[in-house]
Amino acid sequence: MVSVLCDTKPFCLLCDLRTRLYTDRDHFTVMPLIIANGLQHVYADLIADLPQLPW
Amino acid sequence: MSGSGGPGARTAVPYAMSWEEPSYARAEGYDYDHEILVALPPSYHVAPDRSYPVVWSMDGAMTFAVTAGVANLYIVGKRIPEIIVVGVGHRSEQGMLGLANRTFDLFPPGSVWSDPGLGDEYMKRMGFTFEMSRPFLTGDLFLDFLVEQLRPSLGERYRMADDHTLWGHSAGGGFASYALLARPGAFGRFIIGSGTNGLTIDLEAEYAKRHDDLDARVFIGMADGEINHTPLCAQRLVSRTTLLAENLRLRGYPSLDLRTRFYADRDHFTSMPPIIGDGLQHVYADLIEDLPKPNW
């Protein structure tokens, strides 16, 4: 099932939407990836100036 | 359904792991303490006769939370059995600076960080000098500490089954692969994340000369982003880890259950959550066959 939460992106200047489908994951095992990628996406505007580690 | 506390009320079945207060231990041969973090499985306090497999997570607080978090999630989802997670690393109050201790803890004497030629030259140009650390490498003592000191000590405090997994990433992955070959049988399950070193490649070859089997469940994970990161290339992170995985598979050890995965669109850091999740599922696959699966 794919839920479309926002279908106004082409017209909405405020919406920074990213959607990913994960392969080889189920309803449970997808969670760590959604959490990690979700955090990176929603905080992308706050991390631009963070010093990067050499890893 | 009965109201809470009323006659016939059900006992709530805990579903979250509980975290103990940090404790500290001094390894023999060390002049500083390690911080010990423990997460107990959901049923721990309502099943007093039960003991649990243990995951030993390297790098202390940096990886303990995500390890226990993914473990908690997968326990709730019946993807893995209930386990105890033990994190071992530097004291949290030392902050990021304390991570320097991992070089001493996780690399045994004789470790080969880079290799002569391109890799070594790059590291020197960038100012990464491993040579100064060589006299202080204590990975062998740290392994002794985990197995001979800390395990029996925590075993007196917690109901640990004699079923131990070693999980480490990067230098921790190198340490886990070292433990697999330097002290076979000390751990039965291994999650090796993106890391080994030249010493382990040699140890593997030496082990093969003297053994015709290796009884272990091993998961190895790497990320494609690591190949696109020059300092990690200079440490031969992906190529050496791949070589270890290939050589182990080529040996054809009948009791070795090995699975290796490459993660696309991940880097050295962001690969950790899926490595933990997939690693836990692989190394505990023999224990989860009979677990009831939720209908999710």
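Some notes on this structure:
- Among residues of the stretch B:15-36 that are within 17 Å of B:Asp140 (Cβ to Cβ), those with a beta-carbon under 6 Å from a residue that is aliphatic (A, V, I, L, M) at least six positions away or on a different chain give the pairs B:Gly29/B:Leu141; B:His34/B:Ala25; B:His34/B:Val88.
- Of the residues making up the stretch B:73-98, those that are closer than 25 Å to B:Pro42 by Cβ, open to solvent by 30 Å² or more (accessible area, probe 1.4 Å) and either within 11 Å of chain A (Cβ to nearest Cβ) or of a type outside the set (Ser, Thr, Tyr) (or both) are B:Leu73, B:Val76, B:Lys78, B:Glu82.
- Residues of the stretch B:152-184 satisfying the condition of being touching a residue at least 40 places away in the same chain (Cβ under 8 Å) and out of contact with any Gly (no Cβ under 8 Å at 6 or more places or on another chain): B:Ser153, B:Leu154, B:Tyr158, B:Arg159, B:Met160, B:Ala161, B:Leu166, B:Ala182, B:Arg183
- Considering (1) within 14 Å of chain A (Cβ to nearest Cβ); (2) in contact (Cβ under 8 Å) with a residue 12 or more places away in the chain; (3) open to solvent by less than 60 Å² (accessible area, probe 1.4 Å), the lone condition that B:Gly60 does not fulfil carries the number (1).
- Scanning the stretch A:24-47 for residues that are facing another protein chain (nearest Cβ under 9 Å) and of a type in the set (Ser, Thr, Tyr) returns a single hit, A:Thr29.
- Residue selection: B:Arg210 fails the criterion of being touching a Leu at 6+ places or on another chain (Cβ under 7 Å) and either more than 23 Å from B:Gly69 (Cα to Cα) or at the interface with another protein chain (Cβ under 10 Å from one of its Cβ atoms) (or both).
- Selection over the stretch B:20-34 of residues that are of a type in the set (Gly, Ala, Ser) and in contact with a Phe, Trp or Tyr (Cβ under 6 Å, 6 or more places away or on another chain) gives a count of 1.
- All of (1) closer than 24 Å to B:Ala285 by Cβ; (2) modelled with pLDDT of 95 or more hold for B:Glu35 with one exception: (1).
- Helices (runs of 4 or more DSSP H) (entirely within the stretch B:222-296) containing at least 2 residues that are within 12 Å of another protein chain (Cβ to nearest Cβ) and either among the aliphatic types (A, V, I, L, M) or surrounded by 16 or more Cβ atoms within 10 Å (Cβ to Cβ) (or both): B:230-234, B:272-283
- Answer residue from the stretch A:31-46, given it is open to solvent by 70 Å² or more (accessible area, probe 1.4 Å) and in contact with a helix residue (DSSP H, G or I) (Cβ under 9 Å, 6 or more places away or on another chain) and is modelled with the highest pLDDT among those: A:Ile35
- Candidate set from the stretch B:99-142 (those that are without any contact (Cβ under 8 Å) to a residue 24 or more places away in the chain and part of a helix (DSSP H, G or I)); member that is least open to solvent (accessible area, probe 1.4 Å): B:Ala100
- Residue list for the stretch B:1-26, restricted to those being open to solvent by 100 Å² or more (accessible area, probe 1.4 Å), modelled with pLDDT under 95 and not hydrophobic (A, V, I, L, M, F, W, C): B:Ser4, B:Pro7, B:Arg10, B:Thr11, B:Tyr15
The values are calculated or read from the model by the stated rules, or taken from the named source; none is laboratory data. Owing to the predicted nature of the structure, the values given are computational and were not obtained by experimental measurement. Note that we place each Cβ from the backbone using ideal geometry, even for glycine, and neighbour counts take in every protein chain shown. Side chains are part of the model used for accessible areas, which takes the heavy atoms of the whole protein and leaves out ligands, DNA and RNA. Shrake-Rupley method; radii C 1.70, N 1.55, O 1.52, S 1.80 Å.
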